[in-house]
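The values are calculated or read from the model by the stated rules, or taken from the named source; none is laboratory data. As the structure is a computational prediction, the values presented were derived from the model and not from experiment. Counting neighbours? That spans all protein chains shown, and the Cβs are built from the backbone with ideal geometry, glycine included.
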Amino acid sequence: MTLIKSISGIRGTIGSKVGDDLTPLDIVKFTASYAKFINENSNLNNKIIIGRDARISGEMVSSIVKGTLIASGFDVIDLGLSTTPTVEMAVKLENADGGIIITASHNPKQWNALKLLNSDGEFISSEEGIKVLNYAENNQFNFVSVSDLGSCFYNNDYNSIHIDKVLDLPLVNVNEVKKANLKVVVDAVNSTGGILVPMLLQKMGVNCIKLYCEPNGDFPHNPEPLSENLQDISSLVVKEKADLGIVVDPDVDRLAFICEDGSMFGEEYTLVSVADYILSKNPGNTVSNLSSTSALAEVTSKYSCSYSASAVGEVNVVKKMKEVNAVIGGEGNGGVIYPELHYGRDAIVGIALFLTQLVESKLSVSNLRDRYPKFYMLKRKIQLSEKINIEDIFNFLHSHYEKENKINIDGLKIHFDNGWVHLRRSNTEPIIRIYVEGRTQKDANCIFDNVNELIKAFI
């Protein structure tokens with residue numbers, strides 16, 4: 001079964017069996033259910049924004065979504081090939097009732113998904129998502145008569161609008177970046193980042209070398225921006241003697257950098273570096289999720305500001321950011337949320353801020369990375385049988401580590417003198433996801449081994 005219904009939307013592999021995969025009938029059902037939810041909870045302009053990444057299935061899914069929304073009585077503004085943050089911004093700028101982004105983010109090309117937005121251009125909450133899922137489960141949706149059908153309008157301007165609004169930000173120094181005459185290699189995994197990132201770099205006076213920037217949806221490697229997937233760009237940065245490499249995922253909400261020597265800046269440190277720059281100009285609170293590096297907390301404390309952790313998921317990070325009035329936040333997977341622009345992970349604003357920071361620092365990318373605290377992270381998962389109650393495992397570990405500092409939000413996080421471990425249940429599979437961070441690689445391995453042995457002994 002590869003149809004997954006979660007806080008991040010409806011996603012699945014294309015085709016096969018209704019209810020088990022993302023078939024046309026499933027797309028209609030969930031889109032109509034979302035339309036019903038919006039109709040009950042918004043009274044703006046009866047208008048919904050849609051946009052898609054470059055996946056092979058994107059045009060097909062987009063056509064079904066458009067038709068369903070029109071049949072539900074909504075006008076649709078179709079941005080075509082765009083990005084998740086572009087659609088988020090367009091919802092607000094158009095005063096729309098909501099938005100649907102057709103993308104499976106970093107999942108492989110056989111996947112697609114519907115990311116659902118509210119009228120603020122932000123992901124709907126888990127409670128709101130449950131309403132949509134219940135409507136779909138019970139076929140509680142209707143379609144309008146012919147006289148009440150919506151219409152479709154096309155707008156190809158928002159990619160440029162998005163970039164212009166980024167470049168207009170006070171902390172983005174276009175003139176200084178132009179003077180630096182940077183050379184940058186871009187890997188956009190043959191999706192819409194191949195449109196927006198070169199466009200941004202051109203306007204910032206950066207010499208852009210394109211790698212996998214053809215928006216045809218034929219991903220040349222696993223699109224998740226992890227080191228094991230980025231060997232091609234790493235080699236090309238060194239070969240071209242470039243100042244850095246820039247990597248985005250298919251819908252351009254995640255961002256990773258490659259140092260001038262071909263080494264990884266580290267996706268966990270994208271947010272850390274951008275936050276350091278923001279705080280140096282505008283001190284304030286920061287937020288990331290519980291599975292993100294402790295380096296952000298240390299950088300925040302350097303400016304005598306407060307760091308807060310949220311549950312995993314962009315909607316949770318945004319909620320916490322609003323609670324503490326954070327000036328910058330995001331997730332350790334390369335997601336930067338800069339509320340001065342909008343409340344959504346946005347690789348485009350992350351790139352512009354990072355390039356400004358880089359040229360102002362007068363450092364190489366590797367030397368900039370060396371300024372930050374060094375932590376070592378492991379990400380693992382443990383397969384369980386269907387009979388195992390994961391909550392029993394969490395309770396066991398909670399008791400075993402009774403003297404350690406623990407957080408019971410979004411699973412169980414345990415702090416040690418030399419690092420931490422965060423254990424989360426999967427919403428779709430009988431597995432425990434384990435995130436570990438240590439002061440050294442040895443510390444991280446040791447923490448994982450100890451916790452893993454306890455879990456194995458329990459089960």
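If only residues of the stretch 58-96 that are in a loop (DSSP other than H, G, I, E, B), in contact (Cβ under 8 Å) with a residue 60 or more places away in the chain and polar (S, T, N, Q) are counted, the one that is surrounded by the most Cβ atoms within 10 Å (Cβ to Cβ) is Thr83. With the condition kept exactly as written, say whether any residue in the stretch 370-377 is within 30 Å of Lys92 (Cβ to Cβ), of a type in the set (Ser, Thr, Tyr) and either modelled with pLDDT of 95 or more or in a strand (DSSP E or B) (or both). No, the stretch 370-377 has no match at all.
Close Cβ contacts (under 6 Å, 6 or more residues apart or on different chains) running from residues in the stretch 254-283 that are more than 18 Å from Arg345 (Cα to Cα) to residues that are among the polar types (S, T, N, Q) and in a loop (DSSP other than H, G, I, E, B) comprise Glu260/Ser364.
Taken together, the criteria exclude Asn138 from residues that are more than 27 Å from the chain's Cα centre (by Cα), without any contact (Cβ under 8 Å) to a residue 60 or more places away in the chain and not assigned by TED's automatic domain parsing to the domain that holds Thr83. Set side by side, the residues Glu331, Glu323, Glu340 differ, and just one is acidic (Asp, Glu) and farther than 23 Å from Ile246 by Cα, which is Glu323.
This table checks each residue for (1) outside the structural domain of Asp21 (by TED's automatic domain parsing); (2) free of Cβ contacts under 8 Å to residues at least 24 places away in the same chain; (3) surrounded by 14 or more Cβ atoms within 10 Å (Cβ to Cβ); (4) at negative phi.
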position	(1), (2), (3), (4)
Ile388	yes, no, yes, yes
Glu402	yes, yes, no, yes
Gly419	yes, no, yes, no
Arg433	yes, no, yes, yes
Asp443	yes, no, yes, yes
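Would a scan of the stretch 57-69 turn up a residue that is within 23 Å of Lys165 (Cβ to Cβ) and either at pLDDT below 95 or within 22 Å of the chain's Cα centre (by Cα) (or both)? Taking every residue of the stretch 57-69 in turn, none turns out to be within 23 Å of Lys165 (Cβ to Cβ) and either at pLDDT below 95 or within 22 Å of the chain's Cα centre (by Cα) (or both). Does any residue of the stretch 256-278 turn out to be in a helix (DSSP H, G or I), buried (at least 24 other Cβ atoms within 10 Å of the Cβ), among the hydroxyl-bearing types (Ser, Thr, Tyr) and in contact with a strand residue (DSSP E or B) (Cβ under 6 Å, 6 or more places away or on another chain)? Yes; the residues of the stretch 256-278 include at least one that is in a helix (DSSP H, G or I), buried (at least 24 other Cβ atoms within 10 Å of the Cβ), among the hydroxyl-bearing types (Ser, Thr, Tyr) and in contact with a strand residue (DSSP E or B) (Cβ under 6 Å, 6 or more places away or on another chain). If you go through the stretch 203-232 and pick out every residue that is acidic (Asp, Glu) and closer than 18 Å to Glu260 by Cβ, you end up with 1.
Could you check the stretch 98-147 and list, in sequence order, the residues that are outside any loop (DSSP other than H, G, I, E, B), among the β-branched types (Val, Ile, Thr) and crowded, with 22+ Cβ neighbours inside 10 Å? Within the stretch 98-147, Ile100, Ile101, Ile102, Val132 qualify.
Of all residues in the stretch 296-308, how many are surrounded by fewer than 22 Cβ atoms within 10 Å (Cβ to Cβ) and either of a type in the set (A, V, I, L, M) or not in a helix (DSSP H, G or I) (or both)? Final tally of qualifying residues: 7.
Okay, residues lined up against (1) more than 23 Å from the chain's Cα centre (by Cα); (2) surrounded by 22 or more Cβ atoms within 10 Å (Cβ to Cβ); (3) not aliphatic (A, V, I, L, M):
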position	(1), (2), (3)
Leu196	no, yes, no
Asn207	yes, no, yes
Lys210	no, no, yes
Glu228	no, no, yes
Gln231	no, no, yes
Ser235	yes, no, yes
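Restricting attention to the stretch 28-54 and to residues that are over 22 Å from the mean Cα position of the chain (by Cα), assigned to a helix (DSSP H, G or I) and among the polar types (S, T, N, Q), the residue that is surrounded by the most Cβ atoms within 10 Å (Cβ to Cβ) turns out to be Ser33.
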